[in-house]
1. Out of (1) open to solvent by less than 50 Å² (accessible area, probe 1.4 Å); (2) at pLDDT 95 or above, what's the single condition that is false for Ala259?
2. Would you check if there is a residue in region 256-264 being within 16 Å of the ligand (Cβ to nearest atom) and not in a loop (DSSP other than H, G, I, E, B)?
3. Somewhere in region 432-444, is a residue closer than 30 Å to Phe230 by Cβ and either away from the ligand (no atom under 16 Å from the Cβ) or of a type in the set (A, V, I, L, M) (or both)?
4. What tally of residues in region 211-233 results from selecting those that are free of Cβ contacts under 8 Å to residues at least 60 places away in the same chain and hydroxyl-bearing (Ser, Thr, Tyr)?
5. Which numbered condition trips up Leu163, out of (1) at pLDDT 95 or above; (2) within 16 Å of the ligand (Cβ to nearest atom)?
6. Look through region 326-365, keep the residues that are more than 9 Å from the ligand (Cβ to nearest atom) and in a strand (DSSP E or B), and return whichever of them is surrounded by the most Cβ atoms within 10 Å (Cβ to Cβ).
7. Going residue by residue through region 241-255, is there one that turns out to be out of contact with any Pro (no Cβ under 8 Å at 6 or more places or on another chain), open to solvent by 60 Å² or more (accessible area, probe 1.4 Å) and either hydrophobic (A, V, I, L, M, F, W, C) or away from the ligand (no atom under 16 Å from the Cβ) (or both)?
8. Need at least 2 residues that are within 16 Å of the ligand (Cβ to nearest atom), within 22 Å of the chain's Cα centre (by Cα) and polar (S, T, N, Q) per element, so show me which strands (runs of 3 or more DSSP E) inside region 3-121 make the cut, counting only ones lying wholly within it.
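The values are calculated or read from the model by the stated rules, or taken from the named source; none is laboratory data. None of the values given here were measured: they were computed from a predicted structure. Here the Cβ positions follow ideal geometry from the backbone for every residue, glycine too, while neighbour counts run over all protein chains shown. Ligands, DNA and RNA are excluded from the accessible area calculation, which covers all protein heavy atoms including side chains. Shrake-Rupley method; radii C 1.70, N 1.55, O 1.52, S 1.80 Å.
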Amino acid sequence: METTTRTPAPVPGGLRPVEVRVPGRPLARFAEVLEPAGFERCRAALREAAEQLRGRVVWHVNSTARGGGVAEMMGPLIGYARDGGADMRWMVVQGTPGFFTVTKRIHNMLHADSGDGGELGPAERALYEGVMWDNAVELSALVRPRDVVVLHDPQTAGLIPLLRRRRARLVWRCHIGYEDLRDPRVARAWDFLAPYVRAADATVFSRAAYVPDCCSGAPVHIIAPSIDPFSPKNQELSPAAAQAILARTGIVEGAPDDAPPVYLREDGAPGRVDRGADILHVGRAPRWDTPLIVQVSRWDRLKDHLGVMAGFARLGPINGTRLVLAGPAVTGVADDPEGPAVLAELTDAWRALPHETRHHVQIVSLPVVDAQENAAMVNALQRHATIVVQKSLKEGFGLTVTEAMWKGRPVVASAVGGIVDQIDDGRDGVLLGDPSDPAELASALRGLLDAPERADALGGAAHERVRSRMLIIRQLVEDARLLGTLG
Ligand code: UDP
């Protein structure tokens with residue numbers, strides 16, 4: 001069975017959350033990537049947690065079923081926990097365009113970015129609370145006393161006080177943040193959220209540096225995100241399969257050995273990449289063996305696509321190396337209203353490049369109709385890349401960095417947010433000290449292009465770091481411990 005969304009009949013005047021059905025995923029797979037003793041310890045911890053939770057449901061609630069790091073993690077987290085015997089479910093709140101404009105503003109301000117420059121005043125609060133109220137009606141009917149509700153990010157924080165009377169355990173998990181909590185934009189966003197998040201029984205952050213004062217009244221847990229090594233996004237793909245997938249999407253020209261563009265879907269059934277990407281480029285696609293520098297991100301200004309292009313343009317002689325900036329087709333990510341404008345700005349900047357540089361830059365919108373097919377495309381791109389870049393100006397954690405490291409790629413990434421928890425500069429990747437400096441990016445890229453053995457060594461160390469510390473089974477165990485503290 002595959003992950004499917006089930007939309008209840010619309011209710012006049014109300015927004016109802018949608019359940020995403022998540023099939024179980026076999027935990028036993030982790031025996032392939034962990035040492036036997038470590039694997040057994042994890043399994044025992046998860047069995048114990050499932051026993052403690054018998055008869056209770058753990059509800060995860062977020063705001064989108066696809067696109068972005070949180071949606072990415074939800075399927076595996078819930079799927080493996082279900083296989084471990086826990087009744088875990090996923091609900092996606094529904095919002096209006098106005099609601100997502102406000103929540104995007106909060107998101108940007110929590111990253112010390114003014115975003116659209118709008119207010120977070122009484123009108124925004126009323127709009128936000130109205131949408132939360134609508135969604136709470138259906139959730140309140142489902143949640144039983146002693147169930148656990150894990151609400152993710154600002155888009156769901158307003159549900160916390162509304163669900164209090166259900167006598168469930170309420171956990172708020174914040175996946176984003178910024179180190180300077182005194183920045184006026186950051187402080188303003190936390191003022192907005194404080195009345196809601198104060199009502200939680202516990203909060204979870206990816207990094208200790210992100211925890212605001214308003215969360216100090218209840219236990220705070222620090223749990224870093226992780227990746228599923230068996231998902232279509234991260235599973236092993238042969239170089240021939242990766243090239244075939246990229247050829248099918250139109251990103252490279254067909255490889256000589258005619259492999260099929262196939263991968264394994266989440267339920268273990270065969271999958272095939274059928275759709276093409278929307279690609280902005282001049283002339284023919286690069287040959288399959290052309291070196292590619294790749295950044296995969298949502299179309300968000302904080303991912304600084306313009307800066308990546310500016311750094312690439314300064315690279316000097318590149319022997320045909322191409323830059324690929326890839327992201328989701330912009331109609332695909334419902335809670336990210338700025339995507340189309342950011343992609344349009346990038347397109348304008350691409351048109352303004354000198355012809356020779358433009359010839360070496362592709363802007364790729366990956367189809368998102370089938371999330372697993374999209375994931376297979378990202379997997380193929382990251383595996384095929386000569387270097388993976390993540391030149392974010394701000395970053396909560398940066399799962400794309402983890403993903404590329406798992407694939408043994410040399411990664412060049414900004415020393416911001418959670419990226420500094422993932423890469424030790426010069427050991428398992430290269431950190432950019434000044435994320436806004438295109439010259440620093442150009443010189444880091446040059447260094448790796450000129451020293452392929454060094455690039456390989458960084459990639460090998462990166463893979464080992466993710467294997468030992470950043471796989472999802474570690475996060476499942478930490479989540480289980482947290483649930484055990486809630487009573
Ligand atoms: N992603 C994707 N398809 C795309 C672009 C991004 O699946 O076209 C995924 C990417 O692989 C990663 C997630 O979206 O798993 C982005 O997470 P990250 O933590 O890097 O950044 P966020 O989007 O949460 O700010």
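1. (2) is the only condition that Ala259 fails.
2. Kept after step one, since they are within 16 Å of the ligand (Cβ to nearest atom), are these residues of region 256-264: 263.
Imposing the further condition that a residue be not in a loop (DSSP other than H, G, I, E, B) reduces the set to 263.
Yes, region 256-264 contains a residue that is within 16 Å of the ligand (Cβ to nearest atom) and not in a loop (DSSP other than H, G, I, E, B).
3. No, that holds for no residue.
4. The initial filter retains those residues of region 211-233 that are free of Cβ contacts under 8 Å to residues at least 60 places away in the same chain, namely 211-218, 220, 222.
Remaining after also requiring hydroxyl-bearing (Ser, Thr, Tyr): 216.
Adding up the residues that qualify gives 1.
5. (2)
6. Filtering region 326-365 for residues more than 9 Å from the ligand (Cβ to nearest atom) gives 330-331, 334-335, 337-363.
With in a strand (DSSP E or B) added as a condition, the list becomes 361-363.
Values: Val361: 22, Gln362: 24, Ile363: 22.
It comes out as Gln362.
7. Within region 241-255, not a single residue is out of contact with any Pro (no Cβ under 8 Å at 6 or more places or on another chain), open to solvent by 60 Å² or more (accessible area, probe 1.4 Å) and either hydrophobic (A, V, I, L, M, F, W, C) or away from the ligand (no atom under 16 Å from the Cβ) (or both).
8. It comes to none.
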